[in-house]
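The values are calculated or read from the model by the stated rules, or taken from the named source; none is laboratory data. Everything quoted here is computed from the prediction, not taken from an experiment. Methodologically, a virtual Cβ is constructed for each residue, glycine included, from the backbone with ideal geometry; neighbour enumeration extends over all protein chains shown. Side chains are part of the model used for accessible areas, which takes the heavy atoms of the whole protein and leaves out ligands, DNA and RNA. Shrake-Rupley method; radii C 1.70, N 1.55, O 1.52, S 1.80 Å.
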Amino acid sequence: MRSVKPMNIPDNSRRYAPGDRMRDLIRDNSLILMVMNRFGIPMGFGDRSVQELCAQYGVHASTFLAVANFISGRRVEPLEISAEAITGYLRRAHTYFIDYNLPLIRRKLIDAIDCSGRDELAMLILKFYDEYVLEVERHMSQENDTVFAYVDSLLAGRPSQGYSISDFAAHHHHINDRLEELKDIVVRYYPGRDDNDKLTSVLFDIITCEQDITSHCAVEDRLFVPAVLALEKAVASNAQVARTVQPDADADKADALSAREKDIVVCVAKGMSNKEIADALCLSVNTVTTHRRNISAKLQIHSPAGLAIYAVVNKLVDISALHLS
């Protein structure tokens with residue numbers, strides 16, 4: 001009788017290292033495929049190491065390894081994490097959930113249950129799911145527009161203007177509970193059909209998505225927040241040094257607007273909305289929002305009327321072009 005080969009049990013005491021082959025990490029934990037995707041590393045990499053692939057695709061290797069170790073239950077050193085790299089990772093995760101994964105689950109859910117209108121329970125399940133998706137979209141859009149834009153400002157060397165990552169940490173709530181509830185509702189109450197394969201498949205997708213979002217929120221709490229705290233301290237320290245070394249520096253030069261920011265000031269002065277500005281300048285609304293936040297921080301002017309006055313005084317726009325009525 002042939003002996004049975006024992007299963008390989010991952011050694012969680014050993015951290016993944018730069019010289020490890022990427023395919024070995026994936027063999028150890030298939031969830032690292034998602035980490036690769038969110039760092040922008042494609043497949044088809046042969047036997048190359050983590051360090052080689054990160055160098056090839058411009059990925060901060062220590063941050064990649066920190067996330068890979070974290071989701072695999074291995075020890076992580078927060079000092080290894082780049083605030084810029086982890087923010088980019090989280091942004092791409094948001095895009096994956098909102099633009100791809102959640103809509104895909106919705107399509108599969110409609111195909112698995114009777115959404116013709118005859119089955120009231122099916123329609124309630126779909127309504128429950130749609131309300132959850134709206135909650136996720138609001139949650140992630142707020143993080144994109146406020147929290148990640150704040151990190152962008154820090155990375156540009158601008159200290160806090162009445163906001164800190166501690167504000168985010170204090171109010172951050174996880175958003176996976178409703179998926180757990182939806183799964184339970186379907187399992188307990190939705191009657192089976194002759195062919196349950198579609199329903200089983202979509203339930204598996206819901207469970208996987210719930211686990212993915214749980215992991216995503218944990219990365220925000222345990223890796224992102226400490227990285228941004230360190231960045232805040234570095235930016236504040238640099239600002240203090242600058243004030244000490246150059247006490248008489250020209251404040252106007254430090255606060256000078258970029259050409260794009262001046263374009264946006266002119267648009268605001270003319271009474272245009274963020275959507276109208278975005279369309280006129282071929283930008284996204286999120287980018288316009290970020291620019292406006294940066295402009296307000298530089299000029300310490302927070303109202304459209306104040307920006308209009310600034311634009312006229314600094315000859316960015318002629319007063320005749322403004323709507324003063």
With every protein chain kept in place and a 1.4 Å probe, the residues Cys282, Cys115, Cys267 fall, from largest accessible area down, as Cys282, Cys115, Cys267
From phi via Karplus (6.51, -1.76, 1.60), per-residue ³J(HN,Hα) for the stretch 48-57 in Hz, x at Gly/Pro | 5, 7, 4, 4, 5, 5, 5, 5, 5, 9
Round to the nearest 10 and give me the degree value, 0 to 90, for the angle of helix 102-112's Cα axis relative to the longest principal axis of the chain.
-> 40
Set the Förster distance to 41 Å, then compute FRET efficiency between Asp167 and Leu31 from the Cβ-Cβ distance, nearest 0.05.
-> 0.85
How far is helix 259-269 tilted, in degrees, relative to the longest principal axis of the Cα atoms in the chain, given as a value from 0 to 90 rounded to the nearest 10?
-> 80
Distance in nm between pseudo-label sites at Arg106 and Arg75 (7 Å out along the Cβ direction from Cα) | 4.5
Cross-link pairs Lys275/Lys315; Lys275/Lys298; Lys127/Lys198; Lys108/Lys275; Lys270/Lys298 - those with Cα-Cα distance over 30 Å = Lys108/Lys275
For Lys262, Lys127, what's the largest-to-smallest order of accessible area, 1.4 Å probe?
-> Lys127, Lys262
Rounded to a whole %, the carbon-and-sulfur portion of the accessible area of the chain at a 1.4 Å probe is 54
Options [x] 18.0, 59; [y] 17.9, 53; [z] 24.8, 95 are given for Rg and Dmax of the Cα atoms in Å, and the computed one is [z]
Degrees between helix 197-219 axis and first principal axis of the chain (Cα, 0 to 90, nearest 10) = 50
Please report, for the Cα atoms of the stretch 61-159, the Rg to one decimal and the Dmax as a whole number; what are they, in angstrom?
-> 18.6, 58
Provide the solvent-accessible area of Met272, counting protein heavy atoms only and rolling a 1.4 Å probe, rounded to the nearest 10 Å².
-> 50
When Lys and Arg each count +1 and Asp and Glu each count -1, what net charge do the other residues less than 12 Å away from Phe224, Cβ to Cβ, add up to?
-> -2
What accessible area per residue comes out for the chain, rounded to a whole number of Å², with a 1.4 Å probe?
-> 56
Please give the solvent-accessible surface of Tyr189 in Å², to the nearest 10, using a probe radius of 1.4 Å with every protein chain present.
-> 130
Mind grabbing the accessible area of Glu232 for me, 1.4 Å probe, Å², rounded to tens?
-> 30
